[in-house]
């Protein structure tokens, strides 16, 4: 009898929030990951380590060791308004640096997370197209500061 080992790979997006190498992404992007590879838009690749994660907000922080990192400024989601135009930047289906656009549909939403009775709480709903690989990317309003991450 032959044994076959299946390797499951996933993709997601994230953004670097400071020069110390902290990357913000979605918790479901890194959940149960044995290895995390972070590839920057300039082609540099790094090994990442999950520093912290939270199922109910679907957020995770990954740390990479690197110099000269491009960072984003985090915005204030309390100032975001329903109807405001937003864009999602990510890598759907492995297609790098893809941008989609939509509007903020609602704020303060909560829905079941689908695992273990957890609930995603107080998230921002948008109609921006999100495909596999977009999760974790930012959605800056009016090309400004990064806001919530995509699920």
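The values are calculated or read from the model by the stated rules, or taken from the named source; none is laboratory data. Bear in mind the structure is a predicted one, so any value in this text is a computation, not a measurement. All Cβ positions, even for glycine, are placed from backbone atoms using ideal geometry, and neighbour counts span all protein chains on display.
Going residue by residue through the stretch 44-65, is there one that turns out to be under 21 Å from residue 23 (Cα atoms), in contact (Cβ under 8 Å) with a residue 40 or more places away in the chain and over 15 Å from the mean Cα position of the chain (by Cα)?
Yes, there is a match, as at least one residue in the stretch 44-65 is under 21 Å from residue 23 (Cα atoms), in contact (Cβ under 8 Å) with a residue 40 or more places away in the chain and over 15 Å from the mean Cα position of the chain (by Cα).
Quick check on my filter: what residues within the stretch 80-98 are touching a strand residue (DSSP E or B) at 6+ places or on another chain (Cβ under 9 Å) and loosely packed, with under 11 Cβ neighbours inside 10 Å?
The answer is 81, 83, 97.
Checking the structure you have, find out if any residue of the stretch 39-50 is in contact with a helix residue (DSSP H, G or I) (Cβ under 6 Å, 6 or more places away or on another chain) and part of a strand (DSSP E or B).
For the stretch 39-50, residues in contact with a helix residue (DSSP H, G or I) (Cβ under 6 Å, 6 or more places away or on another chain) and part of a strand (DSSP E or B): present.
Can you find, within the stretch 13-33, the residue that is nearest to residue 118 (Cα to Cα) among those that are surrounded by fewer than 13 Cβ atoms within 10 Å (Cβ to Cβ) and modelled with pLDDT of 90 or more?
18
The conditions are (1) over 14 Å from the mean Cα position of the chain (by Cα); (2) in contact (Cβ under 8 Å) with a residue 24 or more places away in the chain; (3) closer than 30 Å to residue 19 by Cα, and residue 74 fails exactly one of them. Which is it?
Only one criterion in (1) over 14 Å from the mean Cα position of the chain (by Cα); (2) in contact (Cβ under 8 Å) with a residue 24 or more places away in the chain; (3) closer than 30 Å to residue 19 by Cα is unmet by residue 74, namely (1).
Looking at 55, 38, can you tell me which residue is in contact with a strand residue (DSSP E or B) (Cβ under 7 Å, 6 or more places away or on another chain) and surrounded by 16 or more Cβ atoms within 10 Å (Cβ to Cβ)?
38 is the lone residue from the list that is in contact with a strand residue (DSSP E or B) (Cβ under 7 Å, 6 or more places away or on another chain) and surrounded by 16 or more Cβ atoms within 10 Å (Cβ to Cβ).
So that you can scan it fast, the table gives a plain yes or no per residue for (1) more than 23 Å from residue 9 (Cβ to Cβ); (2) touching a strand residue (DSSP E or B) at 6+ places or on another chain (Cβ under 8 Å); (3) modelled with pLDDT under 90:
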position: 44; (1), (2), (3): no, no, no
position: 60; (1), (2), (3): no, yes, no
position: 69; (1), (2), (3): yes, yes, no
position: 107; (1), (2), (3): yes, yes, no
position: 114; (1), (2), (3): no, no, yes
position: 120; (1), (2), (3): yes, yes, yes
position: 126; (1), (2), (3): yes, yes, yes
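Which ones in the stretch 74-98 are in a loop (DSSP other than H, G, I, E, B) and over 20 Å from residue 123 (Cβ atoms)?
Within the stretch 74-98, 91, 95, 96, 97 meet the criteria.
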